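Take a look at the structure below.
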Amino acid sequence: MLTPESYACGQWVAPGETATEIKGPVTGEAIARAGGSALDMQAMLDFARTKGGPALRAMTFHQRAKLLKALATYLDGRKEELYALNPMTGATKRDGWVDIDGGIGTTFVIASKGRREMPDGHVYLDGDVEQLSRNGTLLGQHIAVPLQGVAVHINAFNFPVWGTMEKLAPTLLAGVPAIVKPATQTSYLTEACFRMIIDSGLLPEGAVQLIVGRTGDLLDRLTAQDVVSFTGSADTAAMLRANPKLVENSTRFVAEQDSLNAAILGADATPDSPEFALFVKEAVAEMTTKAGQKCTAMRRLIVPAPQLDAVIEAMSSKLAALTIGDPSDKANRMGALASMGQKADVLEKLAILKKEARVVHGDPDSLPADLASCAFLPPILLACDDPDSAVSVHSVEAFGPVSSLLPYRDTAHAAEIANRGGGSLVASLFTNDPAIAREVTLASAAWHGRLYVMGRASADEATGHGSPLPHMIHGGPGRAGGGEELGGVRGVLHYMQRTAIQGSPDVLTAITGTWIKGATELTGPSHPFQRTFREIQIGETIHTEPRTISLEDIEHFANFTGDTFYAHMDDAAAAANPFFPGRVAHGYLLLSFAAGLFVQPDPGPVLANTGLNSLSFQKPVSPGDSIKVRLTAKRKTQRTEEYGEIAWNATLTNQDGDQVAEYELLTMVSYER
Ligand code: NDP
C-alpha cells in the first residue's frame, strides 16, 4: 500500500486518519492511502513567502534557469523509478513517455529558454524603450518582475508528472515559490517525482511544497501577489475562481479545463491522399493514448460529408486491431481509465451523446469480464449526421476513448462546426492546401488556443495534435478555461508583474541593468576591447576619430564586393531615387569602416564578433562626408564558465553630428585576460 506524503514547511507529512483509499484502475484493489493530514495552510503560505520567495528572487533568471536544467538532469537520471509506478495509474509505457519524459523535456526547454531569452539579471525587459519626450529626458520601458507571493498549482489526474513540471518550471524560472496540489487519484506518482525534487537538494528551502489531499482554506488566504493555476473540470474551475477572496484581491486565476477539441479533415483530402491517412492515424492515437483522458484529445472529428463512410471504415479497422488490457504488458496498446469513477462518468456522458449520434464502432459490453469489472473501456466512435442541430456533441465531453464524427459541406461550414465547441485548447486541420489553412485560420483561430495544420509537407516531423509543446502556448478561450500556459517566456510572465517604468535614461539604466541611450557614458582606463568581461562596466564608452569617405572608397568597395548597385555607381540614377542626393556610400562600407575605427587590433579578451542586431541606416553618406563612431557597453550576459556576451550600442554620426546608422554589436569576451 502506497502512502504518498505531503511536504509542508520543509517536513514530510504522512496521510492522516481520514485519508482517502485509492483503488487501482487495473485491478480494482486498494493501492494507496492519500491525504487526510492536518496541514497548516497559513504556515505553508508564510514559509513560501518568507523563505522560498526571497531566496528565489535573489537569483538571476540565468541562475534559476541553470537550477532547472540541473533539476531536469537529476530527474532524467532517476525516471525509471517513475516508470515503475506508471502502470498503476492505468497508463501504458507509451502514455508514461508523454507524462514522464514529457515533463522532464519541458523542464529542459524552459531552462534553455531562460538562458537564451531572458536576461542574466533580475528585471525582464518587455519590448523596446518608448520615446516619451522630444529631448529624450523622459523615457518609458515595460519591465516584468516576479510576484512576491505563492503560485498554487491544482493539477489534474491524467498527467501526474508532466502536469507538475509544466507549471513548476515556468514558476521557478519567474522566481516564485509554488505549492503543488496533485489530483488525489494519481498523487502517488506526483509525490514520487516531488520527492526526487526535494532529494536533489537543488532548490532553496520553501521553493516548493506539496499538498496530497484537500487544500482546506488555502484559497481563502491568498492575496493579490498570489496565482492559482488550475487544471481539471470546468465545474471545479468555475467554483474555485468564484472564491470571494480571489475575487476581492483580483488574485490571478489561470484555468486550463476540458474542451471539445476539433480535428478537421480538409476538403482536398481523398481516401488515397497522405492527409487522409495522417488524419485517421492521429484520430485513432488521440482516442487511445491515455485511454482518451487528455485535455487536448480530439473529441469532434469534422470530415467532408462525402468522406464520412471512408473515414468510419478506416478508423474502425485500426481501432479493431487495438489490444486493450493491463498497461504493464507491452502487448497492450491501451490501458485503463484512471478510476472506476472516471469510467462511470464516461459512460454517463456517452449515454447523452448517443441521443444525438449513432455508435459506428465499439461496444462497452464487448470487453472480457476481467477488464469489464475494472476501469477499462474500448474506444467508441460515434457519428452525428446533423451537427448543426446537435447540442451535446459540442458541449458534453466524455473524458475517455470517445470521439464523434461530424460531416461538413464546405470549409466555411467545417470552421463553423469547430467553433461550436465554445472555445478549445487545440484544433487541427489535415490539408495539403495552404489556402484552406488560411480560410480555416481566419474563420476559426479566435476560438482555439492552438491550430495544428498537418499535411504531407510536415508529416515526417509531426509533433502531434495532442502534444502541448513548451515553446507554444497551451490553453484556450471560453470552454477551455480562458487560460494560457507555456509558450516559452510567455508562460513565465504569468507569474510576474508587468510594470511600465517612466524615468530618465540613467534611471532606466539603473533599474534594468542595460545601458539606455542618453544615459551617462563612462570612460574606462583602457580601450574596452582590452578589458575582460568582468572589468567592463555597463555604460563604458569610446568615441572614435572621424574618417572621410571618398568616391574612390565607394568604387573600390563596389568592385571588391561586386555590389555595384546604381545608388553607389550612377550619380543621375541615384539622384532620381527619392532617398539619395546622388551617389552614396554602401551601408556595409560604413559598417566596415566603423569596425576599422573602433577595433583594437592586439590580441585581448575579446574573442569574437558574434552578431549584429537591429541595424538601421538613417541618413545617406555622400563622397566627402565623414563618419565617427560611439560604442557603448549596453548589456552583459554570462554564457559559459570561460566567457560571456557583451552587447554594444553603436551609433555612427556624420560631420554635422547627424546620426547615419545605429546597431547592436555582439562580442564574446573572456572572463580572464
Ligand atoms: P476535478 O476538476 O474534480 O479535479 C481537478 C483538480 O482539482 C484535482 O486536483 C482535484 O483534487 C482538485 N479539486 C477538486 N475540487 C477542489 C476543491 N474544492 N478545492 C481545491 N481543489 C479541488 O476534475 P477530475 O480530476 O475529477 O476530472 C473530472 C473531469 O475533469 C474529467 O472527466 C474531465 O472532463 C476534466 N479534466 C480535464 C483535464 C484537463 O487536462 N483539462 C484533466 C483532467 C480532467 P482531488 O483529486 O483531490 O479531488
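The values are calculated or read from the model by the stated rules, or taken from the named source; none is laboratory data. Just so you know, these numbers come straight off a predicted model, no measurement behind them. No Cβ is skipped: glycine too gets one built from the backbone with ideal geometry, and neighbour counts run over all protein chains shown.
Select from region 28-44 the residues that are aliphatic (A, V, I, L, M) and closer than 23 Å to SER373 by Cβ and write down the one among them that is modelled with the highest pLDDT.
Ranking the qualifying residues of region 28-44, first place goes to ALA32.
Specify the residue that is farthest from the ligand (Cβ to nearest atom); the eligible residues are those in region 28-51 that are closer than 19 Å to GLY206 by Cβ, more than 31 Å from the chain's Cα centre (by Cα) and aliphatic (A, V, I, L, M).
Per the criteria, the residue is ALA43.
Residues in region 140-173 that are touching a Cys at 6+ places or on another chain (Cβ under 7 Å) and of a type in the set (Asp, Glu): how many?
0
Taking helices (runs of 4 or more DSSP H) that fall entirely within region 217-295, which contain at least 1 residues that are among the small types (Gly, Ala, Ser) and within 14 Å of the ligand (Cβ to nearest atom)?
Hits in region 217-295: 234-241.
Six or more apart or on different chains, Cβ under 7 Å: which pairs go from a residue in region 1-28 that's in contact (Cβ under 8 Å) with a residue 12 or more places away in the chain and in a strand (DSSP E or B) to one that's of a type in the set (Phe, Trp, Tyr) and crowded, with 19+ Cβ neighbours inside 10 Å? Could you list them?
LEU2/TYR188; TYR7/PHE194
Among the residues of region 391-419, write down those that are part of a loop (DSSP other than H, G, I, E, B) and surrounded by fewer than 20 Cβ atoms within 10 Å (Cβ to Cβ).
VAL391, VAL396, ARG409, ASP410
In region 194-216, which residues are surrounded by fewer than 22 Cβ atoms within 10 Å (Cβ to Cβ) and within 9 Å of the ligand (Cβ to nearest atom)?
ARG214, THR215, GLY216
Conditions first: (1) touching a strand residue (DSSP E or B) at 6+ places or on another chain (Cβ under 7 Å); (2) closer than 28 Å to MET315 by Cα; (3) outside any loop (DSSP other than H, G, I, E, B). GLN502 passes all but one, so which condition is the exception?
In the conditions (1) touching a strand residue (DSSP E or B) at 6+ places or on another chain (Cβ under 7 Å); (2) closer than 28 Å to MET315 by Cα; (3) outside any loop (DSSP other than H, G, I, E, B), GLN502 misses (2) alone.
Scan ALA351, ALA372, ALA427 and give me the residue that is within 16 Å of the ligand (Cβ to nearest atom) and free of Cβ contacts under 8 Å to residues at least 24 places away in the same chain.
The conditions single out ALA351.
Count, please, the residues in region 400-424 that happen to be within 16 Å of the ligand (Cβ to nearest atom) and more than 24 Å from the chain's Cα centre (by Cα).
Looking only at that region, the number is 5.
Any residue that is free of Cβ contacts under 8 Å to residues at least 60 places away in the same chain and of a type in the set (Asp, Glu) - is there at least one of those in region 269-289?
Yes, that holds for at least one residue.
Among residues belonging to region 245-274 that are closer than 27 Å to GLN293 by Cβ and acidic (Asp, Glu), point out the one that is modelled with the lowest pLDDT.
ASP258
Given the criteria more than 19 Å from the chain's Cα centre (by Cα) and closer than 22 Å to ALA34 by Cβ, does MET165 qualify?
Here the answer is no, as MET165 does not meet what is asked.
Taking PHE529 as the residue in question, decide whether it is among the aromatic types (Phe, Trp, Tyr), farther than 30 Å from LEU425 by Cβ and over 33 Å from the mean Cα position of the chain (by Cα).
So PHE529 fits the description; yes.
Which one of the conditions (1) modelled with pLDDT of 95 or more; (2) buried (at least 24 other Cβ atoms within 10 Å of the Cβ); (3) closer than 22 Å to GLY90 by Cα does ASN158 fail to meet, given that it meets all the rest?
That leaves (1) as the condition not met.
Please count how many residues of region 489-522 are without any contact (Cβ under 8 Å) to a residue 40 or more places away in the chain and acidic (Asp, Glu).
The number of residues fulfilling the criteria is 1.
Out of the residues in region 13-27 meeting the condition of being surrounded by fewer than 15 Cβ atoms within 10 Å (Cβ to Cβ) and away from the ligand (no atom under 16 Å from the Cβ), tell me which one is modelled with the highest pLDDT.
Per the stated criteria, the residue is ALA14.
What are the residue pairs meeting all of these: first residue in region 402-417, first residue under 15 Å from ASP433 (Cβ atoms) and touching a residue at least 60 places away in the same chain (Cβ under 8 Å), second residue hydroxyl-bearing (Ser, Thr, Tyr) and surrounded by fewer than 24 Cβ atoms within 10 Å (Cβ to Cβ), Cβ atoms under 6 Å, and 6 or more apart or on different chains?
Listed by first residue and then by second, the contacts come to ALA414/TYR408; ALA415/SER444.
Among the residues that make up region 476-487, is at least one of them more than 16 Å from the ligand (Cβ to nearest atom), closer than 30 Å to PRO119 by Cβ, under 18 Å from the mean Cα position of the chain (by Cα) and buried (at least 21 other Cβ atoms within 10 Å of the Cβ)?
Yes: region 476-487 contains one or more residues that are more than 16 Å from the ligand (Cβ to nearest atom), closer than 30 Å to PRO119 by Cβ, under 18 Å from the mean Cα position of the chain (by Cα) and buried (at least 21 other Cβ atoms within 10 Å of the Cβ).
In region 306-348, how many are within 30 Å of PRO407 (Cβ to Cβ), surrounded by fewer than 20 Cβ atoms within 10 Å (Cβ to Cβ), within 16 Å of the ligand (Cβ to nearest atom) and within 33 Å of the chain's Cα centre (by Cα)?
1
Could you list all residues from region 315-348 that are outside any helix (DSSP H, G or I) and without any contact (Cβ under 8 Å) to a residue 40 or more places away in the chain?
Within region 315-348, ALA321, THR323, ASP329, ALA331 meet the criteria.
Criterion first (at pLDDT 95 or above and either closer than 12 Å to ILE154 by Cβ or within 16 Å of the ligand (Cβ to nearest atom) (or both)) does PRO182 satisfy it?
When the stated conditions are applied, PRO182 passes them.
If you check THR509 against the conditions, is it of a type outside the set (Asp, Glu) and either surrounded by fewer than 20 Cβ atoms within 10 Å (Cβ to Cβ) or touching a His at 6+ places or on another chain (Cβ under 8 Å) (or both)?
For THR509, the condition - of a type outside the set (Asp, Glu) and either surrounded by fewer than 20 Cβ atoms within 10 Å (Cβ to Cβ) or touching a His at 6+ places or on another chain (Cβ under 8 Å) (or both) - is not met.
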